[in-house]
Amino acid sequence: MKKKYPESAMMSYGYNPAEYGGAVKCPIFQTSTFVFPTAEEGKRQFELAYGLDEAKEGEEKAYIYSRISNPNLEICEKRLALWEAAEDGAFFASGMAAISTAFLSFLKPGDLLLHGHTLYGGTSHFIEEILPLMGVKILSFSPNESKEQILDRLKDSGELPALKMIYAETPSNPTNALVDIAMLRSLIDELNSENQIILAVDNTYMGPVWQHPMAHGADLVLYSATKYIAGHSDVIAGACLGNAELMLQIRTMRTFLGNMIDPNTAWLISRSLETLKIRMDRQAYNARKVADYLKGHPLVERLYYPGHLEAVDGRQYDIYQRQCMSGGGMISFDIKGDEKDAFAFLNGLRTIKLAVSLGSSESLAEHPASMTHAGVPREERMAHGITDQMIRLSIGLEHFEDLIGDIDHAFSASRQPENSLKEWMLEDSPL
């Protein structure tokens with residue numbers, strides 16, 4: 001039988017209605033622990049759980065405790081793994097829980113982490129402030145650096161033998177800068193290190209529909225599942241995907257950190273996975289329309305959108321063509337002016353909501369420099385292109401004409417901020 005597309009498999013994979021009274025949807029297993037039929041079976045399951053023995057052919061692990069696994073958790077992990085053709089996946093209590101668990105699973109004192117220098121603010125803080133306290137060395141690279149330049153950077157640092165992990169976020173938050181995953185894989189392969197060097201990629205901005213990092217050589221793929229995967233601004237979760245060997249270490253660390261998701265959250269994510277592709281495709285369609293409107297707008301100083309790179313940056317456009325299947329749903333732009341003008345624009349929005357996060361059904365706007373990246377020193381922000389006049393849009397499922405009309409209104413309001421504030425107060429008045 002022909003293998004199903006992921007969007008088809010999302011409807012039933014990992015669940016048999018006949019086992020649960022014919023319920024078309026999996027019930028919520030709101031339980032902390034599971035009953036063993038015999039003491040012997042309990043002993044056997046703990047032997048398998050603690051790695052004291054390997055499972056025999058045809059032998060399956062049973063559920064023990066929901067911190068380790070749960071039917072709801074297992075179903076949504078299996079379904080998410082289909083999008084990357086990954087051997088295994090694991091969900092976490094947040095995106096940062098997934099990222100920090102990956103770091104803690106593979107980095108030890110004396111190891112070197114090489115990372116892209118434009119990252120989500122929380123990730124940047126963990127790398128620059130927390131990992132050094134644990135004795136982990138860090139070194140950054142620019143998305144525009146070639147393999148040879150990155151290798152020279154590693155050699156010049158004197159820490160090349162200590163390299164244990166390369167971590168990249170692509171597209172990066174909030175500049176949409178693309179990192180060449182295949183190039184990083186080639187760099188690792190050429191190093192031919194005796195120690196395994198892991199390539200981990202945060203695919204939150206593009207995945208799991210518009211970009212598949214494992215197909216380009218990534219070992220681990222990470223997500224803030226709060227975003228597109230859950231997609232309704234009602235769940236906090238993270239995820240990590242990879243091969244069985246690496247994921248065993250990730251899962252073991254998760255068991256002892258206790259940062260898995262609960263059954264109800266897993267159930268909600270399974271529900272969201274059923275509409276993932278149709279939501280993301282519509283968001284990408286809307287984002288293209290909005291980007292076309294913003295391109296060349298007299299009040300837009302610079303547009304950051306992967307789908308409009310051809311005339312802007314040839315190298316970035318080449319990566320986009322090889323690595324991405326869409327321009328995605330995230331747009332950033334620099335409004336002409338300064339922070340005051342950016343704030344006036346944001347205050348002028350009506351349909352698009354002023355809030356952080358991204359990838360949800362509703363469109364959101366935020367000011368990266370003072371919000372998601374407020375903890376990054378200003379000099380560093382500016383060096384990475386995160387300007388005071390940058391605005392980041394997460395495009396949702398509304399009609400694109402309404403979004404463009406709202407943005408057009410906000411541009412007008414940004415030049416008359418006092419009138420815009422009065423209008424907003426009148427519109428929001430219950431009288």
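Quick one: in segment 263-316, which of the residues that are touching a Phe, Trp or Tyr at 6+ places or on another chain (Cβ under 6 Å) and charged (D, E, K, R) is surrounded by the most Cβ atoms within 10 Å (Cβ to Cβ)?
Result: Lys289.
For residues that are surrounded by 13 or more Cβ atoms within 10 Å (Cβ to Cβ) and assigned to a loop (DSSP other than H, G, I, E, B), tally how many sit in segment 23-42.
Filtering segment 23-42 for residues surrounded by 13 or more Cβ atoms within 10 Å (Cβ to Cβ) gives 25-29, 31, 34, 36, 42.
Then drop every residue that is not assigned to a loop (DSSP other than H, G, I, E, B), which leaves 25-29, 31, 34, 36.
Going through segment 23-42 one residue at a time, the tally reaches 8.
Which condition number does Glu379 fail, the rest of (1) touching a residue at least 60 places away in the same chain (Cβ under 8 Å); (2) over 30 Å from Ile278 (Cα atoms) being met?
(1)
Read through the list (1) in a loop (DSSP other than H, G, I, E, B); (2) out of contact with any strand residue (DSSP E or B) (no Cβ under 8 Å at 6 or more places or on another chain); (3) more than 24 Å from Ile181 (Cα to Cα), then give the number of the only condition that Asn144 fails.
Asn144 satisfies every listed condition except (3).
Pick from Asp262, Asp334, Asp281, Asp292: which is in the same structural domain as Met10 (by TED's automatic domain parsing), at pLDDT 95 or above and of a type in the set (Asp, Glu)?
Values: Asp334 fails: in the same structural domain as Met10 (by TED's automatic domain parsing); Asp281 fails: in the same structural domain as Met10 (by TED's automatic domain parsing); Asp292 fails: in the same structural domain as Met10 (by TED's automatic domain parsing).
The match here is Asp262.
Could you list, in sequence order, all residues of segment 56-72 that are within 33 Å of the chain's Cα centre (by Cα) and surrounded by fewer than 15 Cβ atoms within 10 Å (Cβ to Cβ)?
Step one: filter segment 56-72 for residues within 33 Å of the chain's Cα centre (by Cα), giving 60-72.
Of everything in segment 56-72, those that are within 33 Å of the chain's Cα centre (by Cα) and surrounded by fewer than 15 Cβ atoms within 10 Å (Cβ to Cβ) turn out to be Glu60, Lys61, Tyr65.
Out of all the residues in segment 388-431, which are among the polar types (S, T, N, Q), at pLDDT 95 or above and either in a loop (DSSP other than H, G, I, E, B) or touching a Lys or Arg at 6+ places or on another chain (Cβ under 6 Å) (or both)?
Gln389
Here is a yes/no grid of residues against (1) within 26 Å of the chain's Cα centre (by Cα); (2) modelled with pLDDT under 95; (3) over 15 Å from Glu74 (Cα atoms); (4) surrounded by fewer than 14 Cβ atoms within 10 Å (Cβ to Cβ):
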| position | (1), (2), (3), (4) |
| --- | --- |
| Lys3 | no, yes, yes, yes |
| Pro6 | yes, yes, yes, no |
| Tyr13 | yes, yes, no, no |
| Asn16 | no, yes, no, yes |
| Gly21 | no, yes, yes, yes |
| Glu47 | no, yes, yes, yes |
| Tyr50 | no, yes, yes, yes |
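Working only within segment 65-124, note down all residues that are at pLDDT 95 or above, in a loop (DSSP other than H, G, I, E, B), over 17 Å from Arg254 (Cα atoms) and touching a strand residue (DSSP E or B) at 6+ places or on another chain (Cβ under 8 Å).
Ala86, Glu87, Gly110, Asp111
Just one of Gly122, Gly135, Gly110 is under 25 Å from Gly89 (Cβ atoms) and either of a type in the set (Gly, Ala, Ser) or outside the structural domain of Leu160 (by TED's automatic domain parsing) (or both); which is it? Full working, then the answer.
Values: Gly135 fails: under 25 Å from Gly89 (Cβ atoms); Gly110 fails: under 25 Å from Gly89 (Cβ atoms).
Only one candidate passes the filter, namely Gly122.
Can you give me the number of residues within segment 120-159 that are over 22 Å from Thr372 (Cβ atoms), among the aliphatic types (A, V, I, L, M) and touching a residue at least 24 places away in the same chain (Cβ under 8 Å)?
6
Does Gly231 qualify as being more than 19 Å from Arg67 (Cα to Cα), within 15 Å of the chain's Cα centre (by Cα) and in the same structural domain as Leu119 (by TED's automatic domain parsing)?
Spelling it out, Gly231 is indeed more than 19 Å from Arg67 (Cα to Cα), within 15 Å of the chain's Cα centre (by Cα) and in the same structural domain as Leu119 (by TED's automatic domain parsing).
Glu47 is checked against (1) over 21 Å from Glu274 (Cβ atoms); (2) assigned to a loop (DSSP other than H, G, I, E, B); (3) out of contact with any Lys or Arg (no Cβ under 7 Å at 6 or more places or on another chain) and fails just one. What number does that condition carry?
Unmet condition: (2).
The values are calculated or read from the model by the stated rules, or taken from the named source; none is laboratory data. For clarity, every value in this text was computed on a predicted model and none was experimentally measured. Every residue, glycine as well, gets a Cβ built from its backbone with ideal geometry; the counts of neighbours run over all protein chains shown.
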